[in-house]
1. Fewest to most neighbouring Cβ within 10 Å: what's the order for A:Glu184, A:Glu21, A:Glu175, A:Glu108?
2. Quote the relative contact order of chain A in percent (integer), defining contacts as alpha-carbon pairs under 8 Å separated by 6+ residues.
3. Is the C-alpha gyration tensor of the range A:114-170 telling us rounded, prolate or oblate? Criteria: a/c under 1.5 is rounded; beyond that, a/b larger than b/c is prolate, otherwise oblate.
4. Could you give me the radius of gyration and the Dmax of the range A:146-191, taking only the C-alpha atoms into account and expressing both in angstrom?
5. Could you list, in their original order, any pairs among A:Lys304/A:Lys337; A:Lys152/A:Lys179; A:Lys152/A:Lys283; A:Lys22/A:Lys51 whose Cα atoms are separated by more than 18 Å?
6. Show me, for the range A:330-342, the HN-Hα J-couplings you get by feeding each phi into the Karplus relation (A = 6.51, B = -1.76, C = 1.60, θ = phi - 60°), rounded to Hz, glycine and proline as x.
7. Give the average, rounded to an integer, of partner chain Cβ atoms located within 10 angstrom of each Cβ in B:101-110.
8. Please give the direction-averaged projected area of the C-alpha convex hull for the range A:1-100, in square nanometres with one decimal.
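Readers should treat all values here as calculations from the given coordinates under stated rules, not as data from a laboratory. For clarity, every value in this text was computed on a predicted model and none was experimentally measured. Cβ: placed from backbone, ideal geometry, glycine included. Neighbour counts: every protein chain shown.
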Amino acid sequence: MHTSTPTVALVDCNNFYASCEKLFAPKLASRPVVVLSNNDGCVVARSAEAKALGIAMGVPWFKIAEQAQQHGVVALSSNYALYADMSNRVVDVLSGFTPELEVYSIDESFLNLSGFAHLDLTAYGQQIRHRVARWVGLPVCVGIAPTKTLAKLANHFAKKRPIFDGVCHLDRLDETTRKQLFSETAVNEVWGVGGRITARLAELGIETVEVLRTADPEWIRQHFSVVLERTVRELNGTACLALETIAPPKKQIMASRSFGSAVFHLIELREAIAHHISRAAEKLRAQGAEAGAVTVMIRTNPFKPTDPQYQRSVTVPLAHPTADTLELVETAAAVLKRIYRPGLAYHKAGVMLSELQPAGARQCDLFDHPTQDARRHATMQAMDAINQKWGRGTLRAAAAGRAQGWQMRRERLSPAYTTSWAELPIALAR
Amino acid sequence: MTGQPLSSALLAQPDLPWAALDPPPVLIPLGMTPVSAGFPSPAEDYADRRLDINDYLVRNPVSTFFFTVRGNSMQDADIDDGDILVVDRSIEPAHGHIVVAFVNGERLVKRLHRQRNTVALLAANPAYPPLELRDGNALEIWGVVVGKFKRIPA
C-alpha cells in the first residue's frame, strides 16, 4: 500500500540491439543498421536510419538483402553476449533511481516512483535519460504514469513525439492534450492488445485508445476477458498490475535452436539435444529445482515444402525428479532414438523440462541410491562452478560432442566488445 | 634450438604467447575460515579483504569499458602499444584528460585540448601532429581514460 498516488516509469532503450552495435563501431555512426535473428534469418532490430528506409520489423533478410545493401544497410548477427552485458549495465544505472525495479525485458524496466511526488518527475526522467546516455552510451525514453499500462503508453508517446524530448509524464498533461493523444493512437499500441483482439475491437467500432478507455469495463469483461477489463481499468488510472520485482520461478524450461545447416544423422541430433539439455539443466539447478518430465522435439524445415516433412515431439515422465545433467541426457537420448527417422533433413531440435518442483522435495523410492545421488549432486555443483568460471560449455556431457557443426549460423557477428579480453575494441594511437 | 644459449633463444621470440586470463578470483576473508582447534590466530581481529586490482583501477563499474591500444602516438603519456585502457564514461571530459574519441569513423586515444574556442586532440609523441577539430569533423568524446594495465610475459 502506498500512501501517495502510485507512480510507475517505464524506461525503454531505443532500438536496443542496433544502438549497442553503434556504440562501439564509429563506422556505423550515421548508417542504417539492422540486427538479424538466429541463423541470420529475419530483421529483429533497426536503427533509426533503417526505419527511415522503410525496412519492416520481422522481414526475412534474404528478401531485402540486395536492395538494402544498395542503400548501404549494414546487417549484423545477434550479439547476445554484448546485449546482455549492456542490458545489465542499464539496469544497474536505473536501480540508482528507484528502490523497486522490475526488469521486464532485455531493453525495458519498470521503476516504482511512488512517493517521489515531491520531485519534478519530468526532470527526474530527463536525469535518467542523461545518466544512461552518458554512463552506458545508450539512448532511452521514459514514460511516467499511475499504472504500468499507461506508463507503456506514455513511453510510446515519448518515443514517437519529438515534443516530449524523450520523457512523457502523462499526469502532467492537461485533460485536452491527453484526450487528443489517446484519440490519435490505435488500440494495438496498448500493452497486451494483440492482433486478434484489435480486429475484434475494430468490428465493434473500438479503434482508438480513447474509445477503449471510455468503454464500460463490465461490458468489456463480458465480451472479451478479465484481462482486457483490467487493461481498461489501467487505462483509467487504476493500478491492477503490480510490479514483479522478483521473477517467479519458471514452470518449465525450454531450450531449442534451428540448425545453421540441415542435420541428417542421429549422432549430430543427439549432440544438439545433449547441448540443449545441458543448458536447460543448468537453469534448472540455478533456480533450485528438479524436473519430473522431459520433452524432446525434432522437426524438418517447414519453409522448404519440397523436402519431405516430419516433426515429432514426445514427453516422458521421469522415474524420479532430477536435476542431473547426465541422467537427463540419457533419458533424452533414448527418446530421440525412438522418434528419429533416417534420411530426413532436420532443421530444428529442442528440449523442455517440465513438472518442476523444488529440489529435495521428493520421496525416496525403492530404486533410489542416496550415496550415488549425493556424489552426482556434488558433480553437478562442480560442473556449474567450472562453467561459470571458465565459460559456458567448458565442461559438458560427452554426448554434447566437440565439433558442434549444428551450432547456429552467425556470420555477421560483431566482437564481444565487453565480455572477452580477446575481442576488446581497439583504440588507435596514431 | 640445440646449441643456442637460452637467452638468445628467448630474444628470438619476443612475442611469447600470453598466459590465459583468469576471471577475477573469489577472495575469502581470513576471519571466515572456521577453525576447530588450536590457538586462535593473533591476526583474527585484523582480517580484511585481500587487495583486488578492480578496486584500484575501476571507479564506477557500470560505466567502465576496456580498450586495447594499437600504435605508439601516446608513448610519452606512458600508453604503449598493447596496453589495455580503463575508460570511464561517467567522468566529464575536461581539458588535459586522456580520452577515447570517435573521429571520422575511427576510435582514437588522444589528449583532449579544450581551451577558449579551440578543441584539438593531441598525441603524446612529437612524431604525430595535433588533430584540430573544426566543423565537419564528426567528434564524439567516448570516455575518459582513468588507467591502464598490461601483462609482462614470464
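1. Values: A:Glu184 12, A:Glu21 24, A:Glu175 7, A:Glu108 18.
Ordered by Cβ neighbours within 10 Å, fewest first: A:Glu175, A:Glu184, A:Glu108, A:Glu21.
2. Details: 711 pairs, mean separation 70.7, N = 430.
Answer for chain A is 16 percent.
3. On the way: a/c = 1.82, a/b = 1.19, b/c = 1.54.
Since a/c reaches 1.5 but b/c is at least a/b, the shape of the range A:114-170 is classed as oblate.
4. For the range A:146-191, the Cα radius of gyration and maximum Cα-Cα distance read 9.7, 24 Å.
5. Values: A:Lys304/A:Lys337 24 Å; A:Lys152/A:Lys179 16 Å; A:Lys152/A:Lys283 30 Å; A:Lys22/A:Lys51 15 Å.
Going by Cα-Cα distance, A:Lys304/A:Lys337; A:Lys152/A:Lys283 fall outside the 18 Å limit.
6. Here the 3J(HN,Hα) series is 4, 4, 5, 5, 5, 5, 4, 4, 6, 9, 5, 10, x Hz.
7. Working: counts 2, 7, 2, 3, 7, 6, 8, 5, 5, 4.
Going residue by residue through B:101-110 and averaging, the value is 5.
8. On the way: hull surface 34.0 nm².
Mean shadow area of the hull around the Cα atoms is 8.5 nm².
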